[in-house]
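For reference, the structure is listed below as structure tokens.
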Amino acid sequence: MKTKVEVKNLTKKFGDLLVLDNISFNVEQGDLLCVVGPTGCGKTTFLNSLTKIYEATSGQILLDGEPVDPRRQNISYIFQGDSTMPWLTVAQNVGFGLDIKKVSKSRREELVNKYLDVVGLTKYKDYYPNQLSTSMLQRVSIARAFATEPDLLLMDEPYGQLDMELRFHLEDELVRLWKMTGTTVIFITHNIEEAVYLSNRIMILTNKPTSVKRIMDNELPRPRDVTSSKFVELRNEVTELIKWW
């Protein structure tokens, strides 16, 4: 497998506070890597270092062998909660990243229509966000992220505020899109069951100052059964690894 992301000795300090402590790991092409760890351990700081929202204090992050730079590389980000723009229609929201990248009008229309269809929102393409449900708003964000056909998709607890039924539905949507596109995904979550349900690998972080405790392969068959003994066994193993008290 080709290495997509290389993180080498990543360290981040805020003044004297050491948050990320010499983190190193690789993400392979087409991985769906879920990152879990104790509350407040620096998961979002880690993701923000990948996107250059924060500059690393030291260390290196490479995407396809080049220093990560969202201005040059095709990276998409899905945040927690609604990130749609209320003044744009659903179709305009989905095409927003394509507009920034100056994709041709015909190609833009093709990609917008494709991903609206994939997430089941074609008939709502002329609606505005205030006319949509919470679940539909997140599907708009997912379609917008995948429409740019990113080299790397970063997701920061995107389903954290949703109820269980909606979360499972959107998790299934994500897995379907991931399998369809082969996109490399790094998914931050505090929900261990979600990590086991989604991932093909799980990275467990320590409490601050944060380092990598373990990276585990998740070879459970898909579609996954959250009640199966193997699922429960892996969930319990990850839970034990996260405990820091």
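Every number in this text was worked out from the coordinates using simple rules, so none of it is lab data. Note that this is a predicted model, so its numbers are computed, not measured. We place every Cβ from the backbone using ideal geometry, glycine too, and count neighbours over all the protein chains shown.
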R0 of 25 Å, Cβ-Cβ distance K243-K13: FRET efficiency to nearest 0.05: 0.45
Amide H neighbours of T57 under 5 Å, counting only residues 5+ apart in sequence or on other chains, H built in-plane at 1.01 Å? T11, K12, K13
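Going by a ≥ b ≥ c, the root eigenvalues of the Cα gyration tensor, does the stretch 112-191 fall in the rounded group (a/c under 1.5), the prolate group (a/b larger than b/c) or the oblate group? Numbers along the way, then the final one.
Values: a/c = 1.81, a/b = 1.11, b/c = 1.63.
The shape class here is oblate.
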At a threshold of 8 angstrom on Cα-Cα distance, excluding pairs fewer than six apart, so keeping six or more, what relative contact order does the stretch 1-117 reach in percent? 23
Quote to one decimal, in nm, the extra length available between E110 and T44 on full extension: 0.36 nm per residue of separation minus the C-alpha distance between them. 20.4 nm
If unit charges are put on Cβ atoms (+1 for Lys and Arg, -1 for Asp and Glu) and the dipole of the stretch 1-152 is taken about its Cα centre, the option from G97, N26, Y124 lying farthest towards the positive end turns out to be Y124
Checked the stretch 145-229 against the a/c 1.5 cut and the a/b vs b/c comparison, axes a ≥ b ≥ c from its Cα gyration tensor; verdict rounded
Using a simple spin-label model with points 7 Å from Cα along the Cα→Cβ vector, what separation in nm is obtained for N236 and D151? 4.3
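How much length is gained if the chain between T134 and I100 is pulled fully straight, taking 0.36 nm per residue apart and subtracting their Cα-Cα distance, in nm to one decimal?
Details: separation 34, 0.36 × 34 = 12.24 nm, distance 2.54 nm.
Going from the current span to full extension adds 9.7 nm.
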Long-range lysine pairs (8 or more apart or interchain), the stretch 93-245, Cα under 20 Å: 9
Residue-span extension gain [D117 to T3] - 0.36 nm each, minus C-alpha spacing: 37.9 nm
Of the residues T183, T227, T148, which exhibits the maximal mean-square fluctuation in a Gaussian network model of the chain defined by a 10 Å Cα contact cut-off? T227
Label-zone membership for the stretch 196-216, site D225, 7 angstrom Cα→C-beta point, backbone N under 14 Å: none
How large is ³J(HN,Hα), in whole Hz, for each residue of the stretch 63-73 in order, when computed from phi with the Karplus curve 6.51 cos²θ - 1.76 cosθ + 1.60 and θ = phi - 60°, using x for Gly and Pro? 10, 6, x, 10, x, 5, 7, x, 6, 10, 9
Classify the stretch 71-137: rounded, prolate or oblate, from the alpha-carbon gyration tensor (a ≥ b ≥ c, eigenvalue square roots; a/c under 1.5 rounded; otherwise prolate if a/b is larger than b/c)? oblate
